[in-house]
Each structure stands twice: as C-alpha cells, then as structure tokens.
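S.K.: Once you've had a glance at the structure underneath, I'll fire off some questions.
The values are calculated or read from the model by the stated rules, or taken from the named source; none is laboratory data. Quick caveat, the model's predicted, so the values are computed rather than measured. No Cβ is skipped: glycine too gets one built from the backbone with ideal geometry, and neighbour counts run over all protein chains shown. Protein only, heavy atoms only, side chains kept; ligands, DNA and RNA dropped before computing areas. Shrake-Rupley method; radii C 1.70, N 1.55, O 1.52, S 1.80 Å.
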Amino acid sequence: MQAKPGWWQRAALYQIYARSWRDSNGDGIGDLLGIVEGLDYLSWLGVDGIWLSPTMPSPNTDWGYDVSDYLGVHPDLGTLADMDRLIEEAARRDIAVLLDLVPNHTSSSHPWFLDAIRAKQADHRGYYVWAPPKPGGAPPNNWTDATGAPAWTLGPGGDEYYLHNFLPTQPDLNWWDPRVHTEFEKVLRFWLDRGVGGFRIDVAHGLYKDAALRDDPPAMPGDHPAALRDGHRTVYSSHRPEVHTVYQRWRQITDNYEPARVLLGETWEFDPRRLAEYYGRERPELHLCFNFAFVFSEMRARSLAAAVEATLAALPLGSTPTWTASNHDLGRLATRWCHGDQRAARTALVLLASLPGVLVLYYGDELGLGDVEIPPDLQLDEMTRGRPGGSRDRCRTPMPWQPGENYGFCAPGTRPWLPMGEQASTNVHSERADHGSVLHLCRQLLALRRCGRLAAAGPVERVLLDDQVWAFRAGETITLANFSPTTTTRELALGGPLRTLASTRPGQTGEKVGPVFKLGPWEALVLTP
Ligand code: GLC
C-alpha cells in the first residue's frame, strides 16, 4: 500500500497481466509469487502502484474477466495467502496493489448464475437481466455482444433470454436489483480490508442497462468508430446515467480507508465531457478514469495535442487525468502507436510521462516491447480469435526478463502459456546493463515525476503545434517532440536559457539549449529553466 496522502494524483501505475509476468512455480503461467519476486525490479523502475489483470477464480473463457468467485484467487495464480504476501511485500516498497474488479457480469459458472438458471423463482434470478423472446422467438432487442452476435442467449427452459454484453459465458448483472449493490459493497470491503490499494473497474460505463431495454439507435456521422457496436450507439445497452450512483457510493466506501485507496474506471467514453462525469459532478465518484479518446489518438502531433487539450478543458477542476497508450485489449504502445520504431516508443514515453496526472504503463512498455503475432492455431482468446483486428493474445505474451530460453519468464524446458516471439535484446537484464536503453529512459522519467519535476498538476499550455512538432509547457517544464522520422528545426521563443532535463537521445541531459532546436527523427526533449 502507498502511505503518502494523495499518492495517486501523480502516480505511475504499471499494469501486470498476471499470467504473463513471472512464473515462480514452473508451470509456464505467471503467478502472484512471481510478482513478489519482481517487486524489487518495479521499485528500481520507480512505479507507485500495480494494477493486476483479473486474479479471481474463473473458468477463463475470457481469461479472468469471467469471475466465478469474487473473494478468492485463481489457483493458476496462487492462493489468498500469496495475495496477502504480495500486498505486504509491495507495501514495504511503497507500491500499491490494485485489483481488477468485474462488476458488469459474472461467469456463467458463478453460483449466483447457476442458481438463477434453475427456475424463474430462484433466489438469484433477479441478479441477471432476463427478457422474453419477441413474438416468433427473436431476441428481445437489437443489442449485440462484443463478438457482434446477439447479446441474448436463451436460458434453460427456452422461455427467457439472458443478456451478455460479452461472451454468452459472461451474463450481465442486473444493477436495478439492490442485492447486487450489497454484494459488491461486500466485495470492495473484503479486499480493501486486506490492504489493496484500490480497483481498476472493468466496463465501468456498462453496469446499468435501459430499464425498458430499448433498441440501440444507429450510428451518427462523426461518432468515434471505437464507441460503436455493430454500427450502433450503445446508449441503451450501457452508458446509463444511473451508473453514477454506484460510484458515488463506492467513493464514500473507499474514502473511509486510510491510507488513501483509489478507483480507476475503464470508462469507454469518447466525448471528454461524458468522461468528466465519471469524476463526479455534484458528488465525487471515480478518482481516475481511463481516457480512451487519448488512447485511440494517433502518434501524431495534432492528434495527440487535440486529445490532451480537449481532455483538460473538460475535466472538473482538481480532477486527475490519466494517460496511457496500451493495455491487454488494444496492444502495446511500441506496436500500436509506434509501429515498432523504438525511437518513436521513446518519444511516446517522454510524452506520457510529462503530462500532468497519472501515467499507466502496460508491462513491457518500459522496455519498448512490441506485440507478438500468434499463429491462429495457438491463439487462446476466444473473444478475438480470427477477428479482423487480430487476437488480443498478441499483447498478452510473457515478459522477457533475460536472454536465453523462455527469456527468464519460466524455467528452461517449460512451455510458456503463450509463445514469446523473438525478442533480440528487448529484456530486463540486457536493458538494465545498457544505460542508453528505453528502460533507463523510462526509469529516469519516473524519477523526475517522483521528485515533482514532471507531471505537476495544472494546465498544459501550447507553445508550438504544427504537423510535425508539438511543444507544450506543463508546470516548470517544456516538452518538445518531433513526431516524424525526419530531422527538423524550430525556433522557440522561450525567454531565457534552458537546460535539458530528459531526452530521448541518451546522454543529452543537463545541456544548455535553445532558442533554435534541431530535432532528430522522433526526438523528444524535456526542457527546464
Ligand atoms: C474489459 C476488459 C476486457 C474484457 C471485457 C469483458 O474491456 O479489459 O479484457 O474482455 O472487459 O470483461
């Protein structure tokens, strides 16, 4: 746990896909004790908190996002005692442990659902969303699930459909039933009492559905493509205003804990004004919200500047933005933003680290690790297997720790649960030994954030923006970046001499620079008076 008050307002969080980070027991699957083994590395790197992808028991049809027991630990990952140990060892290093909480749906193997499908009168029937077929037997409305199929599956008996916004093995919970609220408040307290630093809330925008189950309307010109499902706006199947009452309540619960805990929402909103609502209008809600308009920006000066400026203009005063470019669904930043160009990956890290607020890295970002193409016959993710965007397995491959067989993720001779690809020198050991590596740049940036020189709360002021270069002032520093593979020169009237605080080019720190800047391909600088 983190003892410092307000620690989360400038935190560097690090997402760990628990199955893929470090295997301590030789089964080819990462686990909680493996994470304990890696804590010294995280402490060296300078992260303030880790968010663990789902750790609870699950049949793994969606790799843990189909929870069958909210109060346990998945046997592949360890035991409750291992979790306690991880929380304790992390706290000794001032690292908070955030768990992934999945309140939108359970697994179809969860005892609540097993009871719900027994009979219409079953105790837990009302925990889920049921509706009769239309005349002729069709599903109750036009909602589709994450695979594009109807979001409704007939329950046993065949006279009522249940709703699933994701796979049929992930029935949606019915948040109109007050008992569901009580259950999740128990879950929150169970883990908060054990000392977790908070939660990443899965599908945070989705909990409530339209009470009348109205059809989702067709897309409108200008809608963000990632906001749509099967050409429809999901305004009735999710994004309902009632969800805010849940977070007002959860915020009250978490704020009663000392030291401070944090709620971080997977808020799939593309309009910054709607995103702002999750921070709370009249009453506080989530401490932090993922900003998908930014995540889906392109790694181009104008695209990123527009997303940052729109976000900061919309957020309520005093709220903390979050900046990330990668996760277990969308891919690693070195691939999705930077197309494998390590120079661009450095620039992305400089940018992410110098914006005010919270930075969320996905494991491997600190190494410049890219996605690994997984051949179709080895793909394990049911939701995306064979889909046009590619399988999510590509960004869930194990962490490379050192050169050699299995890259130190698991013992030689063991088969990692997903293939690791060819990593050349992209691994922790090799990059630690090389002071010019992406890893050392990342560590330096996190150290600058920790001592308050980077990422101070406050506005981001545009100093220069054109097709190739973006320069902005945040707090005392100016970040200047060339978002292109060609060298370019700009003059910045910055008033007074400046020094380089950080640079994508190794060994450039401390130099007196300006007012004319010759920027190499994808070069970024952080400047200070
Ligand atoms: C979130 C998770 C994703 C999961 C889905 C359903 O978007 O990030 O991995 O498949 O929710 O739980």
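S.K.: With the requirement that a residue be away from the ligand (no atom under 16 Å from the Cβ) and part of a strand (DSSP E or B), what does region 222-262 give you?
M.R.: Scanning region 222-262 gives H232, R233, V262.
S.K.: From D341, D329, grab the single residue that is acidic (D, E), within 25 Å of L439 (Cβ to Cβ) and within 16 Å of the ligand (Cβ to nearest atom). Walk me through how you get there before you give the answer.
M.R.: Numbers: D341 fails: within 16 Å of the ligand (Cβ to nearest atom).
When all the criteria are applied, what remains is D329.
S.K.: Just for region 330-340: of the residues that are part of a loop (DSSP other than H, G, I, E, B) and open to solvent by 40 Å² or more (accessible area, probe 1.4 Å), which one is nearest to W268 (Cα to Cα)?
M.R.: To start, the set of residues in region 330-340 that are part of a loop (DSSP other than H, G, I, E, B) comprises 330, 332, 337-340.
Then keep just the ones that are open to solvent by 40 Å² or more (accessible area, probe 1.4 Å); that gives 339-340.
Numbers: H339: 24, G340: 26 Å.
Within region 330-340, the match that is nearest to W268 (Cα to Cα) is H339.
S.K.: Same structure, new question: How many residues are open to solvent by 10 Å² or more (accessible area, probe 1.4 Å) and touching a helix residue (DSSP H, G or I) at 6+ places or on another chain (Cβ under 6 Å) if we restrict to region 196-231?
M.R.: Matching residues across region 196-231 total 1.
S.K.: When region 458-475 is examined, which residues are found to be more than 18 Å from T488 (Cβ to Cβ) and either more than 28 Å from the chain's Cα centre (by Cα) or surrounded by 14 or more Cβ atoms within 10 Å (Cβ to Cβ) (or both)?
M.R.: Of the residues in region 458-475, the ones more than 18 Å from T488 (Cβ to Cβ) are 458-461, 473-475.
Result: V460, R473, A474, G475.
S.K.: Which count do you get for residues in region 442-457 that are in a loop (DSSP other than H, G, I, E, B) and open to solvent by less than 40 Å² (accessible area, probe 1.4 Å)?
M.R.: First, the residues of region 442-457 that are in a loop (DSSP other than H, G, I, E, B): 451-457.
Retained after the next criterion (residues that are open to solvent by less than 40 Å² (accessible area, probe 1.4 Å)): 452, 454-456.
Total meeting the criteria: 4.
S.K.: Give the residues of region 377-386 that are open to solvent by 20 Å² or more (accessible area, probe 1.4 Å), in a loop (DSSP other than H, G, I, E, B) and closer than 19 Å to I29 by Cβ, sorted by residue number.
M.R.: Q379, L380, E382
S.K.: Right, next: Tell me the residue from P521, P485 that is loosely packed, with under 15 Cβ neighbours inside 10 Å, part of a loop (DSSP other than H, G, I, E, B), touching a residue at least 12 places away in the same chain (Cβ under 8 Å) and outside the structural domain of R300 (by TED's automatic domain parsing), please. Walk me through it before giving the result.
M.R.: Numbers: P521 fails: loosely packed, with under 15 Cβ neighbours inside 10 Å.
Only one candidate qualifies: P485.
S.K.: Taking region 188-221 only, how many residues are in a loop (DSSP other than H, G, I, E, B) and either in contact with a His (Cβ under 7 Å, 6 or more places away or on another chain) or at pLDDT below 95 (or both)? Lay out the reasoning, then the answer.
M.R.: First pass over region 188-221, keeping only residues in a loop (DSSP other than H, G, I, E, B): 195-197, 202-217, 219-221.
Narrowing the set further to residues that are either in contact with a His (Cβ under 7 Å, 6 or more places away or on another chain) or at pLDDT below 95 (or both) leaves 205, 216-217, 219.
Count: 4.
For every residue, the table says whether it meets (1) under 17 Å from the mean Cα position of the chain (by Cα); (2) over 24 Å from W250 (Cα atoms); (3) open to solvent by 20 Å² or more (accessible area, probe 1.4 Å); (4) assigned by TED's automatic domain parsing to the domain that holds M220.
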{"residue": "F270", "(1), (2), (3), (4)": "yes, no, yes, yes"}
{"residue": "A307", "(1), (2), (3), (4)": "no, yes, no, yes"}
{"residue": "S319", "(1), (2), (3), (4)": "no, no, yes, yes"}
{"residue": "N327", "(1), (2), (3), (4)": "yes, yes, no, yes"}
{"residue": "A344", "(1), (2), (3), (4)": "no, yes, no, yes"}
{"residue": "L351", "(1), (2), (3), (4)": "no, yes, no, yes"}
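S.K.: List pairs: first residue in region 83-112 and more than 15 Å from the ligand (Cβ to nearest atom), second residue of a type in the set (F, W, Y) anywhere in the structure, Cβ distance under 6 angstrom, at least six positions apart or on different chains.
M.R.: Note: pairs meeting the criteria are W112/Y127.
S.K.: Shifting gears a bit: How many residues does region 37-73 hold that are part of a helix (DSSP H, G or I) and open to solvent by 20 Å² or more (accessible area, probe 1.4 Å)? Steps first, answer last, please.
M.R.: The first filter runs over region 37-73 and keeps only residues part of a helix (DSSP H, G or I), leaving 37, 39-45.
After this cut, where a residue has to be open to solvent by 20 Å² or more (accessible area, probe 1.4 Å) as well, the list is 37, 40, 43-44.
Final tally of qualifying residues: 4.
S.K.: G155 fails exactly one of the following numbered conditions: (1) touching a residue at least 60 places away in the same chain (Cβ under 8 Å); (2) touching a strand residue (DSSP E or B) at 6+ places or on another chain (Cβ under 7 Å); (3) more than 16 Å from the ligand (Cβ to nearest atom). What is the number of that condition?
M.R.: Going through the list (1) touching a residue at least 60 places away in the same chain (Cβ under 8 Å); (2) touching a strand residue (DSSP E or B) at 6+ places or on another chain (Cβ under 7 Å); (3) more than 16 Å from the ligand (Cβ to nearest atom), G155 breaks only (1).
Matching residues to (1) within 16 Å of the ligand (Cβ to nearest atom); (2) within 17 Å of P103 (Cβ to Cβ); (3) open to solvent by 40 Å² or more (accessible area, probe 1.4 Å):
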residue	(1), (2), (3)
P133	no, no, yes
N165	yes, yes, no
R179	no, yes, yes
W191	no, yes, no
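S.K.: Here's a follow-up. In the list L501, L494, which residue meets the criterion of being hydrophobic (A, V, I, L, M, F, W, C) and in a loop (DSSP other than H, G, I, E, B)?
M.R.: Numbers: L501 fails: in a loop (DSSP other than H, G, I, E, B).
When all the criteria are applied, what remains is L494.
S.K.: Related question: Looking at H440 and the list (1) modelled with pLDDT under 95; (2) within 27 Å of V308 (Cα to Cα); (3) assigned by TED's automatic domain parsing to the domain that holds L45, which single condition is not satisfied?
M.R.: (1)
S.K.: With the checklist (1) within 16 Å of the ligand (Cβ to nearest atom); (2) without any contact (Cβ under 8 Å) to a residue 24 or more places away in the chain in hand, flag the one item G64 doesn't pass.
M.R.: (2)
S.K.: Being surrounded by fewer than 21 Cβ atoms within 10 Å (Cβ to Cβ), within 23 Å of V102 (Cα to Cα) and small (G, A, S) is the filter here, so list the residues in region 149-163 that pass it.
M.R.: A149, G155
S.K.: For region 417-441, enumerate the residues that are open to solvent by 30 Å² or more (accessible area, probe 1.4 Å) and outside any loop (DSSP other than H, G, I, E, B).
M.R.: Passing the criteria: H429, S430, R432, A433.
S.K.: Filter region 387-416 for residues that are of a type outside the set (S, T, N, Q) and within 16 Å of the ligand (Cβ to nearest atom); which is nearest to S24 (Cα to Cα)?
M.R.: Within region 387-416, the subset of a type outside the set (S, T, N, Q) is 387-390, 392-396, 398-401, 403-405, 407-413, 415-416.
Okay, now just the ones that are also within 16 Å of the ligand (Cβ to nearest atom), so 387, 389-390, 392-396.
On the way: R387: 33, G389: 33, G390: 30, R392: 24, D393: 21, R394: 23, C395: 21, R396: 18 Å.
The extreme case among them is R396.
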